Amino acid sequence: GVKLLLYGLCSNTTVKSLGLKGNNLRAMGAEALGKLLRQNKSIRSLILEWNSLGVWEEGFSLFCQGLGANNFLQRLDLRNNQINHHGAGELAVALKRNASLQELDLRWNNIGLLGGRALLNCLHSNKTLKRLELAGNNVPSDILKAVEQAMDHNQDRQTILSEMQNRACVLSKEILNLKDEKTKQFLDLMDTIDKQREEIARSGRVSAGRVSQLQEALDEQHSVMNSLKARLQMTEAALALSEQKVHTLGELLSAMKQEQASMAERHFAELQQQKQEGADREGKLFRDLSACSEKNLLLRNQVDELEKKCKVQEDQLFQLKQDLTNTTAELKLRAVQAEERLEMEKRRFKQSLEDMESLRLKEVEHMTQQMEASERHMQDRVQRLEAIRIALEEELSQVKAAAVTERSHAEEELLKVRNQARLDEHQRLEHLEEKLRLMTESRDEAQNCCLKQKQMVREAQVRANQLSLHADGLRRQIEELQQDLDGKEQEKVTEVNKVKVELQQQIGHLQAERAAQEGLREKIAALERQLKVLSSNHREALLDKEGEISVLLEKLRVKEADISRMREEEAQRANLLQNAIMAYVQGSSLGTHSSRK
């Protein structure tokens, strides 16, 4: 039954402790136990008390072979198993190979001196056995003391090894924890650095895009401003030319006035000689001429005012030139549209002026024909005056349309008055009235044109103000963007500094940890050195004790020989006593029978 039980436990992995106390195990049970110890890897405690395993030497040797092959059993109880010195030798051989057994109880067996020596010899190679009980085995006290010392050495060694293993485990765990923490910190740092790099790259891309957009806008604004500067230069040059032309025209007008005055005096003298009534009419005409001259003066004042306004507009344009340096493409489009509208209006105005000039030329040609028919001697002067008038009208038409039309009408009226004074005074008066009406209409038209131009100028000023406001808004946006860029750059610098500080701190922590690890390594090396010194000391002490043990073993052999002699003598005495007792018992039984008879 035990054999079947043990064979079944060979493949078991849950039983940790097995107790077979007092089961009268024999040779077959010992063999099954050896097989169990060779195959089972879970049993840690085995109790075999009161089983007389030492009687069966072959079975016990198989049991010891299984014990030597086992590396999992930690406690073995073999009390009261009649183990002799041969069984102790088998156990010693098994213990030399075993590296897991920590407790072995061999009390109350027949190990004797030889078995004790064998067990003591095996303890030199076995370093795991901590407890060995040999009481009640007729083992000498010196061997028991040596065994106890060996056990103490093993216990000290095991405690030192366990402490070292625990320390090594703790250190390895700490090192692993430190490595994990370092790796985590490093990964976190790398993640944060990657995130910061991505954010920096994104912000750089956004800022680069914004900077490129702003650069493009600035380039467009520079191009617009360059074009505006070129146009302003052209307008300034045109204004300068117009001012020169106005100055020359003023001089020509003064000369024409002088010539007109002289011609009027001559004409009045001729007319007074011809007719007195013509003188009165000519006086009236002179009055009309004075009114025309007053009108001319008014027109000159208006021209001066327009020149002042032009100068004011030039100043405003100069200010606008400075303000329009930061305008965008939208302003460019609006300016182009406004310029197109102005060009269209200028074209229309020029067309109207050309129409007026064509009409005026037709009238002049008609009047010249009349003048050629009436007065040939005045043709040279009239041609000169007409050439001067045509030049003045062409130059004044480019500057101010109203002044040109009024002056041309005045000249035409003068020519018509001269021609009609010679032909018919009544016709001249009628023509003068019609021309005055035409002058008033042209003056009204010129005033309307001036009003329109003023409105256009006001609209242009309003647009310029709007453009300046828009430019100010763009400047503010550019300043805000620059402030945002500066803030982001400062944030990047602060973040980079923080990362550098954190990296320096972590490098300091890592260096401190490295120093601590180096200290621990030095401590471990010192402990290893101490272990080497202790092991050398132990070896020397063991060698000394082996010498002592060899001496003691010789003494034990002598004593065992004496004990064997004493046992033989005691056996002989016991045999003699048994024989004497048997003889006495037999003699007493015969005496009783004879007495009865």
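What is the Cα centroid distance between the range 10-51 and the range 558-578, reported in whole angstrom?
With the range 10-51 and the range 558-578 each reduced to a Cα centre, they are spaced 38 Å.
Can you give the accessible area of Cys10, probe radius 1.4 Å, in Å² rounded to 10?
10
What's the carbon and sulfur percent of the range 55-119's accessible surface, probe 1.4 angstrom, rounded to a whole number?
48
How much of the accessible area of the range 473-544, in percent, comes from carbon and sulfur atoms when a 1.4 Å probe is used?
Roughly 51 percent of what the probe reaches on the range 473-544 is carbon or sulfur.
Run through the DSSP bridge list for the chain and note the antiparallel percent, rounded to the nearest 5.
In the chain, DSSP labels about 0 percent of beta bridges as antiparallel.
What is the chain by shape, rounded, prolate or oblate, if you read a ≥ b ≥ c off the alpha carbon gyration tensor as root eigenvalues and call it rounded for a/c under 1.5, prolate for a/b larger than b/c, and oblate otherwise?
The shape class here is prolate.
Once you charge only the Cβ atoms, +1 for Lys and Arg and -1 for Asp and Glu, what is the size of the charge dipole of the range 1-139 about its Cα centre, to the nearest 20 debye?
I would put it at about 440 debye.
With Cβ to Cβ distances under 11 Å as the rule, what net charge do the other residues near Glu357 carry (K, R +1; D, E -1)?
-2
From the square roots a ≥ b ≥ c of the eigenvalues of the alpha-carbon gyration tensor of the range 453-597, which class results: rounded (a/c under 1.5), prolate (a/b over b/c), or oblate?
Verdict is oblate for the range 453-597.
Can you tell me the order of 518-531, 120-133 when each peptide is scored by its average per-residue count of other Cβ atoms within 10 angstrom, highest first?
120-133, 518-531
Accessible area per residue, 1.4 Å probe, Å², for the chain: what's the number?
65
5 Å is the cut-off here: which amide hydrogens, built 1.01 Å from N in the peptide plane, fall below it relative to Val139, excluding neighbours closer than 5 in sequence?
Distant-sequence amide H within range of Val139: Gly112.
Among all the lysines, which ones have a C-alpha under 27 Å from Lys275's C-alpha, if same-chain residues fewer than 8 places away are not counted?
The reachable lysines, counting only those whose Cα sits under 27 Å from Lys275, are Lys257, Lys284, Lys416, Lys435.
Please name which of Leu534, Gln461, Asn448 has its Cα lying farthest along the dipole of the range 417-561 towards the positive end, using unit charges on Cβ (Lys, Arg +1; Asp, Glu -1) and the Cα centre as origin.
Comparing the listed Cα positions along the dipole, Leu534 ranks first.
Order the following by accessible area, largest value first: Glu220, Glu148. Probe radius 1.4 Å; ligands, DNA and RNA are ignored.
Glu148, Glu220
Among all the lysines, which ones have a C-alpha under 23 Å from Lys309's C-alpha, if same-chain residues fewer than 8 places away are not counted?
Counting by Cα, and skipping residues close in sequence, Lys309 has these lysines nearby: Lys229, Lys245, Lys295, Lys321, Lys346, Lys350, Lys400, Lys452, Lys454.
Taking H as built 1.01 Å from N, whose amide H comes closer than 5 Å to the amide H of Leu18, not counting residues under 5 places away?
Excluding prolines and chain starts, which carry no amide H, the hits are Ser45, Leu46, Ile47.
Residue farthest toward the positive end of the dipole of the chain, with Cβ of Lys/Arg at +1 and Asp/Glu at -1: which of Ser227, Val336, Ser550?
Ser550
What number of lysine-lysine pairs in the range 1-139 show an alpha-carbon separation below 24 angstrom, given a sequence spacing of 8 or more or placement on distinct chains?
Pairs that pass both the separation and distance tests number 18.
Please give the charge dipole size of the chain, origin at the Cα centre, charges +1 on K and R Cβ atoms and -1 on D and E Cβ atoms. Round to the nearest 20 debye.
5700
Which value, in Å² and to the nearest 10, is the accessible area of Thr13 when all protein chains are kept and the probe is 1.4 Å?
110
What's the local net charge at His85, with K and R +1, D and E -1, over the other residues with C-beta under 11 Å away?
Counting the neighbours of His85, the net charge comes to -1.
If we sort 235-247, 43-55 on the protection proxy, mean other Cβ atoms within 10 Å, highest first, what's the order?
For the peptides 235-247, 43-55, the packing ranking is 43-55, 235-247.
Can you list the lysines whose alpha carbon is less than 21 Å from that of Lys492, not counting same-chain residues fewer than 8 positions off?
Lys492 reaches Lys195, Lys500.
Let me have the 222 nm mean residue ellipticity of the chain computed from DSSP H runs of 4+ only, each contributing -39500 (n - 2.57), with the sum over all residues rounded to the nearest 500.
-31500 deg cm²/dmol
Put +1 on the Cβ of each Lys and Arg and -1 on the Cβ of each Asp and Glu in the chain; which of Ser141, Leu353, Leu241 then has its Cα farthest toward the positive end of the dipole?
After comparing all options, I get Ser141.
The values are calculated or read from the model by the stated rules, or taken from the named source; none is laboratory data. No experiment lies behind these values; they were computed from the predicted model shown. Cβ atoms come from the backbone with ideal geometry, glycine included; neighbour counts cover every protein chain shown. For accessibility, only protein heavy atoms count, side chains too; no ligands or nucleic acids. Shrake-Rupley method; radii C 1.70, N 1.55, O 1.52, S 1.80 Å.
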